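The values are calculated or read from the model by the stated rules, or taken from the named source; none is laboratory data. For clarity, every value in this text was computed on a predicted model and none was experimentally measured. Cβ: placed from backbone, ideal geometry, glycine included. Neighbour counts: every protein chain shown.
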Amino acid sequence: MRRLIAIIERDLRKFLRNPLVMVVSIVMPIIYLLILGNSFLGELKHLPVAIIDRDGGSFAERVIENLEAIERGPSTIATYRVSSEGEAMRGLKEGLFKAVVIIPQGFSKHLVKRGSAEVGLFVDNTDVVSANTLKTALLSALGSTAEGFIAVRERAEGVRVRTIEVHPKIDYDQTLIPGVVIMAIFLGALTTGVFNIVMDRFLGTDESLLLTPLTRTDIVGGLVISGLVITTVLALVVLVLSSLISGIYLWNTLSPSGFVGVVFIVMLSTLSLQGLLFIILGRADHPRVVGVLGGFLNVILFFPSGAVYPVESFPYLLRLFAWVNPETYSVHALKAVLFKGAGLGAIKGDILFLSVFALFTIAVAIATFKREL
Amino acid sequence: MEDVAAIETRSLVKRFGNIEALKGVDIRLERGEFFGLLGPNGAGKTTLIRILTTLLMPTSGEAWLYGYHVVKECARVRHLIGVVPQATTCDLDLTARENLDIYGRFYGLAKKERTEQIDYLLKMIGLEERSEDLVATYSGGMRRRLEVARALVHRPSLLILDEPTLGLDPQSRYMVWRLLKRLKDDYSLTILLTTHYMEEAEALCSQVAIIDHGKIIAVDTVEGLKKSVHERDKVELRLEAPAGVDPVTTVRTLEGVKDAGLKEGLLTVTVENSQRGLPAIFEALRKKDVKIQEVRTTHLTLEDVFIHYTGRPVRDEETRKVSFFIGAGVPRKWGR
């Protein structure tokens, strides 16, 4: 234990002697927030929408047909018939659905009698990109339902859609915060942990470590833990700063258990990425390798994580990749805790996946660490 | 266990791909010895050191340090040895004291023991005053002395140094030599050092092994090695001899003189030992009224011994060209 702590202390001391690294690690993710927040656009697909039909009438059928037509045509949405509202709303909270369409009882009757009727639309507005697309698609489906009717009845109001935002209103920039935090975690994990072993190897100082009675676990474990400390602090600073920039005051919105959840997710995400990077870069002997692979890994882990683009809209293979990508779970959990006020219970699946992933990758990293030159 | 050698190897072989860096090395190093491993760049010195210090696995053959097998009992071996690698391996971002303290903890030393030992070592290497400064601000010689101190933090039985004075200016080299001599004399540490500086081996080592092309060619004391070479000291004298006096016949009969020759007023005498031979030569020449204007003596050096055994001088650079073609990864392992 004394040896492990010595490795941690050595690493932390060295880190603190280079304050520039700290500043860069904080500033860079925030620049991402500003750039991505203003530049990312794309066409969305397969956004899951739950449909609850309380009416059962002919116009309700027509609304559903129109929605299914969108599903078959441009594939913006994927529809799911759900029988209970509770089930639908739970799904919305857990991220299973991006929106819930509720056709109330008497919808057809109202439409025939009064020429207008209301449909309830619940949109997961923590994901602004898909929320906007969904609104547009659903409005067009419902609008054409009315047109079909208007032709007969010669009435102009049509179907009004009342959008009920499930969560407090969130701006585009704010929805990127989990992505920015994940970016900070990635950068933190990349510039600590395994990077220090690569640098030691590059400078030749690893020789002095390998000459001592330090075990593989001491070396890998010590570097991972010091990296965990550094990265957690950095990521939390980035979280607070990026929230302030986007106008969220976390001390007002985040409950104590939510805060614990955030810290927990940040730590588990760090450990997962540290483990993964240790396996991939564990034998590199030049910082350039870290630079090249790091840049590559950052992109391929970040974009399919759901941080800027909903995972559901990916092509099949990419969705499979997202399924094993630890960042997907980090983003999902951070969104749930930060924007939906979810407690630890709602993110237990994410916690489980990240825990298993972290344990597995770190165990492999220790086992494959080369104890000789 | 008293007769267990500090180091013993049996037909050590190390291959890197097609290159055979060590071709069956057998050495035995007794406790308390100051042993020099002398050889040119690429001879296999660093490879041998790295196997002995558990950093590399031998391809075949075996090695023991104080009876512990370097592969099977590497953890025990690591506690026994203090190593000063060729490159600077201290953390430049840490102070001297931090370097020593963290290193001490790698060996599991308790705080009190560490503090005592570190204070003592800092004093010994003359870095007490600078101990709270970052190593990055140190000169090459200071860093090397710190490396030596760090290798001693856990009080090892065997100190191994790989080219400890490589790249140092003469003054810093002298300081490192003085430090090593003190360690040998005052603490009877067993020391193994590799070098390609002849004067270093001559100044420090009680035993010297000559290694070349991955093989040990000769092992003996410096004197023993010199004796094994059938060459002698040379004395050159510029003379002004009176008419009728032949300086060659005058000195040829003297004791210890093997050969003498005169050419354009320069008398060249080969003697067993120039220090003992010179007074007799002077005496004999003066008796014949020969005026001596200039004297130059050439001693037999380890360099001559090395040339005798290997057919080339020790600082032959041919191996550099070889390593150039091997690619980036190999020379580091291959070392010097």
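Considering segment A:316-372, the residues that are over 27 Å from A:Val240 (Cα atoms) and aromatic (Phe, Trp, Tyr) include one that is surrounded by the most Cβ atoms within 10 Å (Cβ to Cβ), namely A:Phe369. Considering each residue of segment B:64-74 in turn, at least one proves to be within 10 Å of another protein chain (Cβ to nearest Cβ), touching a strand residue (DSSP E or B) at 6+ places or on another chain (Cβ under 9 Å) and part of a helix (DSSP H, G or I). When each of A:Val224, A:Val233 is tested for being at pLDDT 90 or above, more than 14 Å from chain B (Cβ to nearest Cβ) and within 15 Å of A:Val27 (Cα to Cα), the lone residue that passes is A:Val233.
Check whether at least one residue in segment B:228-237 is in contact with a Gly (Cβ under 8 Å, 6 or more places away or on another chain), touching a residue at least 60 places away in the same chain (Cβ under 8 Å) and either under 21 Å from B:Val25 (Cα atoms) or not charged (D, E, K, R) (or both), and report yes or no. Write out each step before concluding.
Keep residues of segment B:228-237 that are in contact with a Gly (Cβ under 8 Å, 6 or more places away or on another chain), which gives B:233, B:235.
Checking the rest, the ones that are also touching a residue at least 60 places away in the same chain (Cβ under 8 Å) come to B:233, B:235.
Among the residues that remain, those that are also either under 21 Å from B:Val25 (Cα atoms) or not charged (D, E, K, R) (or both) are: B:235.
So far as segment B:228-237 goes, yes, one or more of its residues are in contact with a Gly (Cβ under 8 Å, 6 or more places away or on another chain), touching a residue at least 60 places away in the same chain (Cβ under 8 Å) and either under 21 Å from B:Val25 (Cα atoms) or not charged (D, E, K, R) (or both).
Cβ-Cβ contacts under 8 Å between residues 6 or more apart (or on different chains), taken from a first residue in segment A:80-93 that is in contact (Cβ under 8 Å) with a residue 24 or more places away in the chain to a second residue that is of a type in the set (Lys, Arg), are listed as A:Leu92/A:Lys98; A:Lys93/A:Lys340.
Could you tell me whether any residue of segment A:237-247 is within 21 Å of A:Gln174 (Cβ to Cβ) and either within 14 Å of another protein chain (Cβ to nearest Cβ) or not in a helix (DSSP H, G or I) (or both)?
Step one: list which residues in segment A:237-247 are within 21 Å of A:Gln174 (Cβ to Cβ), which gives A:237-247.
Among the residues that remain, those that are also either within 14 Å of another protein chain (Cβ to nearest Cβ) or not in a helix (DSSP H, G or I) (or both) are: A:246-247.
Scanning segment A:237-247, I find at least one residue that is within 21 Å of A:Gln174 (Cβ to Cβ) and either within 14 Å of another protein chain (Cβ to nearest Cβ) or not in a helix (DSSP H, G or I) (or both), so the answer is yes.
Does B:Gly108 satisfy the criteria of being small (Gly, Ala, Ser), assigned to a loop (DSSP other than H, G, I, E, B), facing chain A (nearest Cβ under 9 Å) and on the phi > 0 side of the Ramachandran plot? If you could, list the steps in order and put the result at the bottom.
Values: small (Gly, Ala, Ser): yes; assigned to a loop (DSSP other than H, G, I, E, B): yes; facing chain A (nearest Cβ under 9 Å): yes; on the phi > 0 side of the Ramachandran plot: yes.
Criteria met by B:Gly108.
Taking the criterion of being crowded, with 18+ Cβ neighbours inside 10 Å and either in the same structural domain as B:Ala209 (by TED's automatic domain parsing) or modelled with pLDDT under 80 (or both), would at least one residue in segment B:270-290 satisfy it? Yes, that holds for at least one residue. Filtering segment B:52-76 to residues that are more than 24 Å from the chain's Cα centre (by Cα) and among the β-branched types (Val, Ile, Thr) leaves B:Thr59, B:Val71. Do we find that A:Val266 is assigned by TED's automatic domain parsing to the domain that holds A:Met183, in a helix (DSSP H, G or I) and either at positive phi or surrounded by fewer than 15 Cβ atoms within 10 Å (Cβ to Cβ) (or both) in this structure? No: the conditions fail for A:Val266. Take the residues in segment B:208-238 that are among the hydrophobic types (A, V, I, L, M, F, W, C) and within 16 Å of B:Ala280 (Cβ to Cβ); name whichever of them is surrounded by the fewest Cβ atoms within 10 Å (Cβ to Cβ). Here the residue is B:Val235.
Residue-wise test of (1) in the same structural domain as A:Asn196 (by TED's automatic domain parsing); (2) over 29 Å from A:Phe202 (Cα atoms); (3) surrounded by 19 or more Cβ atoms within 10 Å (Cβ to Cβ).
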| site | (1), (2), (3) |
| --- | --- |
| A:Thr231 | yes, no, yes |
| A:Leu250 | yes, yes, no |
| A:Thr270 | yes, no, yes |
| A:Phe296 | yes, no, no |
| A:Leu301 | yes, no, yes |
| A:Pro310 | yes, yes, yes |
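When we screen A:Pro168, A:Pro213 for residues that are of a type outside the set (Phe, Trp, Tyr) and modelled with pLDDT of 90 or more, the only hit is A:Pro213.
Going through segment B:82-93 one residue at a time, which ones are at the interface with chain A (Cβ under 8 Å from one of its Cβ atoms) and buried (at least 21 other Cβ atoms within 10 Å of the Cβ)? B:Val83, B:Pro85, B:Thr89, B:Cys90, B:Asp91 - these are the residues of segment B:82-93 that are at the interface with chain A (Cβ under 8 Å from one of its Cβ atoms) and buried (at least 21 other Cβ atoms within 10 Å of the Cβ).
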